[in-house]
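Okay, structure first, notes after.
The values are calculated or read from the model by the stated rules, or taken from the named source; none is laboratory data. Note that the structure is predicted; figures quoted are calculated from it, not measured. For neighbour counting, all protein chains shown are included, and Cβ atoms are generated from backbone atoms with ideal geometry for every residue, glycine included. For accessibility, only protein heavy atoms count, side chains too; no ligands or nucleic acids. Shrake-Rupley method; radii C 1.70, N 1.55, O 1.52, S 1.80 Å.
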Amino acid sequence: QVQLVESGGGLVQAGGSLRLSCVASGSICSINRMGWYRQAPGKQRELVATIHSGGSTNYADSVKDRFTISRANAKNTVYLQMNSLKPEDTAVYYCTYTGGYSSSWGQGTQVTVFP
């Protein structure tokens, strides 16, 4: 089992920035993929960005050039730097982990962007 704890959400004006963090603990595989999904009210959960332990990344088209995902493997931590935030980025952001035969979700952190 892998546990995930997110932090860094909050309230920000459009055009501003936030940085999310997610710390993983437990039975972590050295080869894994971590990332972020989000869910806005009344919408399905959607991919934001993921990063492999080897460094490869992928992003949703809606956040490319504005968000950057990174990780510190030694700290089992993944980050999401969000710049040029828009009201449509408002959602609960969930951290994910996939490694070996297991996957986990965090409890989510709220990001609210006001005009």
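A few comments on the model shown:
- Averaged per residue, the chain has 53 square angstrom of accessible surface, using a 1.4 angstrom probe with ligands and nucleic acids left out.
- Percent carbon-and-sulfur accessible area, the chain, ignoring ligands, DNA and RNA, probe 1.4 Å: 49
- For Asp61 and Cys29, the FRET efficiency from 1/(1 + (r/R0)^6), where r spans their Cβ atoms and R0 equals 22 Å, is about 0.15.
- Taken about its Cα centre, the chain carries a charge dipole of about 120 debye when Lys and Arg each add +1 at the Cβ and Asp and Glu each add -1 at the Cβ.
- Considering only Pro115, Gln39, Cys22, the residue lying farthest towards the positive end of the dipole of the chain is Cys22, judged by Cα position with unit charges set on Cβ.
- Distance histogram in 10 Å bins (all Cα pairs of the range 65-105, percent per bin): 21, 47, 26, 5
- Cα-based radius of gyration for the range 30-115, normalised by 2.2 N^0.38 Å, reads 1.08.
- Ranking Phe114, Phe67 from most to least accessible surface, computed with a 1.4 Å probe over the protein chains only, gives Phe114, Phe67.
- Zone of Ala40's modelled label, taken as backbone nitrogen in the range 99-115 under 14 Å from a point 7 Å along Cα→Cβ: 111-115
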